[in-house]
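Bear in mind these aren't lab numbers, they're just calculated from the coordinates by the rules spelled out. Since we're looking at a predicted model, the values are computed, not measured. Every residue, glycine as well, gets a Cβ built from its backbone with ideal geometry; the counts of neighbours run over all protein chains shown.
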Amino acid sequence: MLTAPEIQAKANENRRLIIDMIHTANAGHPGGSLSVIDMLTAIYATDVDLTALKRSRVILSKGHAVPAQYAVLYQYGVLSAEELGTLRQLDSRLQGHPCSHRLPQVDATTGLLGQGLSLGVGMALAKRDTKDPHNVYVICGDGEVNEGQIWEAATQAAHYRLSNLILVIDENGLSSSGVTSEVMDNRNLVRKLTAFGWQAETIDGHNMEEILASLARARAWTEGPYGIVMRTVKGKGVSYMENNVAYHSSGIAGELYQRAVEDLKRGEACV
Amino acid sequence: MTYETVSLRDYVGKTLNKLYNDRMYVLDGDLSGATRSQQFQKEHPDRFIELGISETSGVSIATGLAMEGMIPFYVNFAIFCTGSAWTQARMACYAQANLKLLATHPGMDNGPDGASHHGNEDIALMRVLPHMRILVPQSPLQLEQAVRSAIETDGPCYIRVSRDAVPVLPETEAPFGGVRLTEESGSDFAVIYEGTALMAAKQGYDLLNEAGYRGRLIQVQELKPFPDAALMALIRDVRGCVTVENHTVLGGLGGAVSEMLAACAQHPPLRRVGVPDVFTQSGPTAQVKARYGLSGRHVLEAVRPLL
């Protein structure tokens, strides 16, 4: 098992891959990819064996952050460096949002927000009934959970006490057009999940020790589904992107790319 | 013209029970009594998942089960399976997931509930989705064949099952799929129908024969992929043809046949019988259908001017 600093180092490498991919494609969603990457790296490092047919599943319901998932898949040898350069290009397996029939290792086809938690409920039911001991992780954005279907699925997950289902909400505080709580106020997510019958907690989504401890608690919980609401910074690691709504969806060209690379190098030095 | 009749929904649970295997699930949206999936629940309670009134999540949960190698049948009214959860079904098709939608209460089959509950757009909504198969049986035997075909064929599938009575016609076991020549008296006309519109189609066919015309009564069992060549072979020589559907005339069976004929340099003229581009209203089912374009008389009146 890797240590927290080792996993953090992997996450930082993934940040650089995300920036490179979106720079090459000149399109993508850097902000939400950078906010989720620490958690995503930790989930794969601790609970996903990509070589196994039966395995824990990771549903990136906030599918626009898929460069983060492609970066992880590159680290595990599923994708080549050359293929990372094909993001969003015709005939690429690296579609703009996850597409499981082209690239089965993404586990789920997503992109239309709000549907991933239901997919996770279905997978978790199947794993429960076939005595498959693996977990199902669903990663949503905080803007995404304005979708009503999320709360249908939250009700159903609690009704069936799906303790193999773990929901991560990437609460980076910004959605496509502005501050999440101003666009549509949906704060108090832990209280909402708890009211729906979930066990839930808030963590710092950029503190690897906290992330690993939270994931361990979630896996150990046997009473029902577990929610992790993680406070994150949109664009984390690139100074001019942090908490900047302009980088929800944006290419990264020219000098801005160079600045992003330098920022990330400085961040690695801190670890 | 009276026929012994059957409501195919009464065979939904029985058929799923008969064809059960250990990868199958049935998912319900609080309507298992109306759809008769309750019969499955009684025999396989551990493979019956009640989801409450929650169509969007229900279809996505079924998709999640499919992604883990299961064969989920999401059973609900036609408008809920296809309309309420259209983007969920669309994503399942994009994922090429092994999702099965089984719908009862198609078209105006539940007359008294009114326009909100009439599933007059479901074929159109499912036809535009790549990878989706659409099967419409007209008898208990065909329902069993359709469900078996759905189980044996990987990929998304929509099965449309009548709630209203349809005539029981003599049938011999033949493979299910494509088109089927139900009756034939000559080659003046062709009545082309989907299974839940069998009553109006059969009555129209009989009225045309009584009026001295001779033709073919043709069931399209598989609306997608559409059996162009097989249907064209059966209608090429007629003087006029009509589609009959328990559905809007836009985008469904009539739409599919129109698209097919438009690609042919020469073809017989086509009329479309079904719901015109309007919302319906409540009433006894037979009266609602007669008011909104679906009866034997509508078939007769559509075809006669062509002959």
**Study point:** Lysine pairs within chain A, Cα separation less than 16 Å, 8 or more sequence positions apart or different chains
**Key:** 6
Exercise for review: Please report, largest first and rounded to whole Å, the three semi-axes of the ellipsoid equivalent to segment A:47-173, where each semi-axis is the square root of five times an eigenvalue of the C-alpha gyration tensor.
Suggested key: 25, 18, 11
Point to revise | Straight-distance crosslink candidates among aspartates and glutamates, where the alpha carbon sits under 12 Å from B:Lys289 and sequence neighbours closer than 8 are dropped | key: B:Asp109, B:Asp164, B:Glu245
Check your understanding: In terms of the Cα gyration tensor, with a ≥ b ≥ c the square roots of its eigenvalues, is segment A:4-270 rounded because a/c is under 1.5, prolate because a/b exceeds b/c, or oblate?
Key -> prolate
**Study point:** Where labels lie 7 Å past Cα in the beta-carbon direction, separation of B:Asp154 and A:Ser176 in nm
**Key:** 3.4
Point to revise | Extended-chain gain in nm, criterion 0.36 nm per residue less alpha-carbon gap, B:Thr87 and B:Asp46 | key: 11.9 nm
Exercise for review: Tell me the Kirkwood hydrodynamic radius of segment B:184-270 in angstroms, computed as one over the mean inverse distance between distinct C-alpha pairs.
Suggested key: 12.9
Check your understanding: So which residue, out of A:Ser214, A:Ser80, A:Ser249, gets the largest mean-square fluctuation from a GNM of chain A using Cα contacts under 10 Å as springs?
Key -> A:Ser80
Review point. With chain B treated as a Gaussian network of Cα nodes joined by springs under 10 Å, which of B:Gly177, B:Gly69, B:Gly114 yields the largest mean-square fluctuation?
Key: B:Gly69
**Study point:** Residue-averaged beta-carbon neighbours from other chains (10 angstrom radius) around B:43-50
**Key:** 1
Check your understanding: Taking other Cβ within 10 Å of each residue's Cβ, how do B:Met132, A:Met184 sort, fewest first?
Key -> A:Met184, B:Met132
Exercise for review: List the residues whose amide H sits under 5 Å from the amide H of B:Thr182, counting only those 5 or more places along or on another chain, with H placed 1.01 Å from N in the peptide plane.
Suggested key: B:Leu217, B:Ile218, B:Gln219
Study note, to complete from the structure: Computed ³J(HN,Hα) along segment B:297-303: with the Karplus parameters 6.51/-1.76/1.60, θ = phi - 60°, integer Hz and x for glycine or proline, the list is 5, 4, 5, 4, 5, 6, 8
Check your understanding: Where does helix B:55-67 land angle-wise versus the long Cα axis of chain B, in degrees 0 to 90, nearest 10?
Key -> 70
Check your understanding: Using θ = phi - 60° and the Karplus form 6.51 cos²θ - 1.76 cosθ + 1.60, what ³J(HN,Hα) does each residue of segment B:175-187 get, whole Hz, x for Gly and Pro?
Key -> x, 8, x, x, 10, 9, 7, 7, 8, 8, 10, x, 9
Check your understanding: Once you sort the root eigenvalues of the Cα gyration tensor of segment B:79-198 as a ≥ b ≥ c, which label holds: rounded (a/c under 1.5), prolate (a/b larger than b/c) or oblate (the other case)?
Key -> oblate
Practice item. Output the antiparallel fraction of DSSP beta bridges having both residues in segment A:4-270, as a percent to the nearest 5. Key: 5
Practice item. Could you check what % of the DSSP bridge pairs in segment B:5-166 are antiparallel, to the nearest 5? Key: 10
Check your understanding: Name the residues of segment B:118-143 whose amide N is less than 18 Å from a point 7 angstrom out from the Cα of B:Val278 along the C-beta direction?
Key -> B:118-121
Exercise for review: Classify segment B:5-166 as rounded, prolate or oblate, taking a ≥ b ≥ c as the square roots of the eigenvalues of its Cα gyration tensor: rounded when a/c is under 1.5, otherwise prolate if a/b is larger than b/c and oblate if not.
Suggested key: rounded
Revision key, fill the gap. Total charge of the residues flanking A:Ser100 in space, meaning their Cβ is under 13 Å from its Cβ, with Lys and Arg +1 and Asp and Glu -1, is +1
Check your understanding: Taking only DSSP H segments of four or more residues, each worth -39500 (n - 2.57), what value at 222 nm results for the protein assembly as shown once the sum is divided by all its residues, to the nearest 500 deg cm²/dmol?
Key -> -11500 deg cm²/dmol
Review point. Ratio of the protein assembly as shown's C-alpha Rg to 2.2 N^0.38 Å, to two decimals?
Key: 1.10
Check your understanding: Where in chain B lies the longest segment free of trypsin sites (Lys or Arg not before Pro) that are both loop residues by DSSP (not H, G, I, E, B) and have at most 14 other Cβ atoms within 10 Å?
Key -> B:1-213
**Study point:** Residue exposure sequence - B:Leu99, A:Leu53 - by fewest surrounding Cβ within 10 Å
**Key:** A:Leu53, B:Leu99
Practice item. Measure nothing but the geometry: give the 0 to 90° angle between the long axis through the Cα atoms of B:198-210 and the longest principal axis through the Cα atoms of chain B, rounded to 10°. Key: 10
Review point. For the residues B:Val278, A:Val233, what sequence is obtained by ranking on other C-beta atoms within 10 Å, fewest first?
Key: B:Val278, A:Val233
Revision key, fill the gap. With the label point 7 Å along the Cα-to-beta-carbon line of A:Thr202 and a cut-off under 17 Å to each amide N, the hits in segment A:227-251 are A:227-234
Review point. Average partner chain C-beta neighbours within 10 Å, per residue of A:146-155?
Key: 4
Point to revise | Neighbour net charge for B:Val238 - beta-carbon separation under 9 angstrom, K R +1, D E -1 | key: +1
Study note, to complete from the structure: Given Cβ charges of +1 for Lys and Arg and -1 for Asp and Glu, the option among B:Ala190, B:Val179, B:Val273 whose Cα lies farthest towards the positive end of the dipole of segment B:173-306 is B:Val273
